[in-house]
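The values are calculated or read from the model by the stated rules, or taken from the named source; none is laboratory data. The model shown is predicted, which means the values in this text are computed figures rather than measured ones. Cβ sites come from the backbone with ideal geometry, for glycine too, and all protein chains shown count toward neighbours.
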Amino acid sequence: MTNAGLDATLHWSDSAVEVHKLVVGPYDNNVFVIRCRESGDAVLIDAANEHEKLLQLCQRLGVRRVLETHGHFDHIQAIPAMREAGYHVAVTELDAPMLGDMGYDAFLGHDDVIEVGRLRLHAIHNPGHTPGSISFRVENTPLLFTGDTLFPGGPGNTKLNGGSFETIINSIDNLLLVYPHDTIVLPGHGLDTTIGAERPHLQEWIQRGW
């Protein structure tokens, strides 16, 4: 991948961090790389699909680890290739069984702090879409990676096995909508939004039931 190619994947940056984004697979999954600009260390959020593209990007950006927001099949298809290439994969203990024979290397838990060079990612357990869904907030930035828990326009799907609408609403209300209005929400599919754009609509989501 050329420098121009990397520039094409650059989604957000400041003096300390770069966020690169690829959209992959038949479900248009967002895959993010969070990179510390000072150290060059980086982490991949969700090894969803199209492992050739992901491996190429990871090799160029200094990725060492993969963090899975949850265990649904569309977010994990590239895990075998990533692990075979030597990348360390982490998932919550509750969602780990969803990975089946793909395997994993470590568990993620609520309030874990993942160091990526000089960056610190705070893990937020957000059950409701799946029992073990987890989000990541990058300290000293407005960045919040929410997987399939919070999207523009409301919560993720809770009708699949292990989902709970009441649980996801409580999770969003108590653990995500508490962040400043200018917090950027980077979801597992689709476009970015902000906490300020979504917070006023919580009661609407509750009333519609999805």
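Residue pairs whose Cβ atoms lie under 7 Å apart, separated by 6 or more positions or on different chains, with the first residue in region 50-78 and surrounded by fewer than 18 Cβ atoms within 10 Å (Cβ to Cβ) and the second modelled with pLDDT under 95 and not in a strand (DSSP E or B), are Gln56/Met1; Arg60/Met1; Arg60/Leu6.
Set side by side, the residues Gly156, Gly196 differ, and just one is free of Cβ contacts under 8 Å to residues at least 40 places away in the same chain and within 15 Å of the chain's Cα centre (by Cα), which is Gly156. Would region 26-49 turn up any residue that is over 23 Å from Tyr104 (Cβ atoms), surrounded by fewer than 16 Cβ atoms within 10 Å (Cβ to Cβ) and under 17 Å from the mean Cα position of the chain (by Cα)? Yes, region 26-49 contains a residue that is over 23 Å from Tyr104 (Cβ atoms), surrounded by fewer than 16 Cβ atoms within 10 Å (Cβ to Cβ) and under 17 Å from the mean Cα position of the chain (by Cα).
Which condition breaks for Thr130 when tested against (1) out of contact with any Gly (no Cβ under 8 Å at 6 or more places or on another chain); (2) crowded, with 20+ Cβ neighbours inside 10 Å? Of (1) out of contact with any Gly (no Cβ under 8 Å at 6 or more places or on another chain); (2) crowded, with 20+ Cβ neighbours inside 10 Å, only one is false for Thr130: (1). Flag: Thr130 matches the condition of being more than 12 Å from the chain's Cα centre (by Cα) and of a type in the set (Val, Ile, Thr). Here are some conditions: (1) in contact (Cβ under 8 Å) with a residue 24 or more places away in the chain; (2) over 21 Å from Glu139 (Cβ atoms); (3) not polar (S, T, N, Q). His20 meets all but one. Which one does it not meet? Tallying (1) in contact (Cβ under 8 Å) with a residue 24 or more places away in the chain; (2) over 21 Å from Glu139 (Cβ atoms); (3) not polar (S, T, N, Q), His20 fails exactly one: (2).
Just one of the listed residues (Glu84, Glu115) is over 26 Å from Ile184 (Cβ atoms), charged (D, E, K, R) and modelled with pLDDT of 95 or more, and it is Glu84.
The rows are residues; the columns are (1) at pLDDT 95 or above; (2) crowded, with 18+ Cβ neighbours inside 10 Å; (3) not in a helix (DSSP H, G or I).
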residue	(1), (2), (3)
Ser171	yes, yes, no
Leu177	yes, no, yes
Pro180	yes, no, yes
Val185	yes, yes, yes
Leu191	yes, no, yes
Glu198	yes, yes, no
Leu202	yes, no, no
Ile206	yes, no, no
Trp210	no, no, yes
